Ligand code: ATP
Ligand code: MG
Ligand code: MG
């Protein structure tokens, strides 16, 4: 009784808009899951995406066009109350112009996207705020590259500053002989590169954090993430680490998100080192693959909290509502139709396994390593979740055991 009274007070305080329209730049699987959640909340979602019948178009109104084109962004923004993103690689100047000229609320703030979309700026920002990150330095010439190698040793992680995803802007440099070839492979010095000291992690962790317009932050449970060939394959919540370490990981994630501006959820990726230290890898200013599990496993999902945050509504609590949850990405195994064969087999198993939910993104083009869908498994305990995973996909079951 008391808690429901508190809830209704909070709602009337913020004044829920009657017919809010949230515009999302990008209409892939994240936009789709956002729009699905929005429908439950009585919120309309429009997406701007250049691919006809984009994944989100089954649940959202699509404007066909490029989110890289400032004129398209302006046209699109004119029809929404709040503008948000499912991808961080958007022209921040164009978003600032829309904010100033049309008075549209852009969340998170364009300044935040500007920091995050340049991984070197991002590292500098977090390091300056006292968030622990791997040692790094900009690499604009052969002299810089040699100095980075001398400082950090090998293997050395060389990264593109911009437009990186699924490990596609990264190169692991094994030795001094391989340095020049790695620079070339990433597009050369002019492309914008930086180097990171190798993090000999024992696990990778991720935490979704919601940030309200007021700056209040709230963290979802800590997941452990498994990347294969630099692409996320699976997550498990709760992470199989001591509770005190989980608290520390949430603390690092909250601290990172607290030093960014604007509302929304943020995906925070971290390395756990052998000595127990945590290093921030990177932050995504949007719902994130490592937070898909929240749809079935948490009291409220990352998509619900993203919408509540950008609309200025109360965030609420995202605690884990099940004993254990495992999310498995379904990736294309080849280009074209043959890349779907195994995906369909895994999905067919998933329909028959208790506690497994199937998400199929409906992408028209299939390519090797492209994300086609995912399966989320929930179970009362970790042993049951792992058994169910093995029943869905024996190969993934063996990798995650
Ligand atoms: P995402 O799809 O998560 O945006 P991305 O292309 O931005 O990926 P990163 O997150 O920088 O790439 O790196 C991808 C993966 O490469 C990491 O999850 C981790 O497994 C590995 N990795 C990245 N940086 C380092 C490092 N400094 N030391 C060791 N491994 C690293
Ligand atoms: Mg990234
Ligand atoms: Mg990453």
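Couple of notes before you dig in:
- Matching entry among 135, 118, 166 (being within 15 Å of ligand 3 (Cβ to nearest atom), in contact (Cβ under 8 Å) with a residue 40 or more places away in the chain and surrounded by fewer than 17 Cβ atoms within 10 Å (Cβ to Cβ)): 166
- Unmet criterion (only one of (1) surrounded by fewer than 17 Cβ atoms within 10 Å (Cβ to Cβ); (2) within 16 Å of ligand 2 (Cβ to nearest atom); (3) assigned to a loop (DSSP other than H, G, I, E, B)) for residue 199: (1)
- Residue that is surrounded by the fewest Cβ atoms within 10 Å (Cβ to Cβ) [pool: residues in the range 221-239 that are in contact with a strand residue (DSSP E or B) (Cβ under 7 Å, 6 or more places away or on another chain) and assigned to a loop (DSSP other than H, G, I, E, B)]: 230
- Only one of the numbered conditions (1) in contact (Cβ under 8 Å) with a residue 24 or more places away in the chain; (2) in contact with a strand residue (DSSP E or B) (Cβ under 7 Å, 6 or more places away or on another chain) is not met by residue 92, and that is (2).
- The test for being buried (at least 21 other Cβ atoms within 10 Å of the Cβ) and farther than 29 Å from residue 392 by Cα does not hold for residue 254.
- Residues (assigned to a loop (DSSP other than H, G, I, E, B), within 16 Å of ligand 3 (Cβ to nearest atom) and more than 21 Å from residue 85 (Cα to Cα)) located in the range 275-329: none
- Summed over the range 88-103, the residues that are surrounded by 20 or more Cβ atoms within 10 Å (Cβ to Cβ) and not in a helix (DSSP H, G or I) give a count of 2.
- Flag if residue 80 is farther than 29 Å from residue 252 by Cα and either touching a strand residue (DSSP E or B) at 6+ places or on another chain (Cβ under 8 Å) or part of a loop (DSSP other than H, G, I, E, B) (or both): yes
None of the figures in this text is laboratory data; all of them are computed from the coordinates on show. These numbers come from a predicted model, not from an experiment. Neighbour counts run over all protein chains shown; Cβ positions are idealised from the backbone, glycine included.
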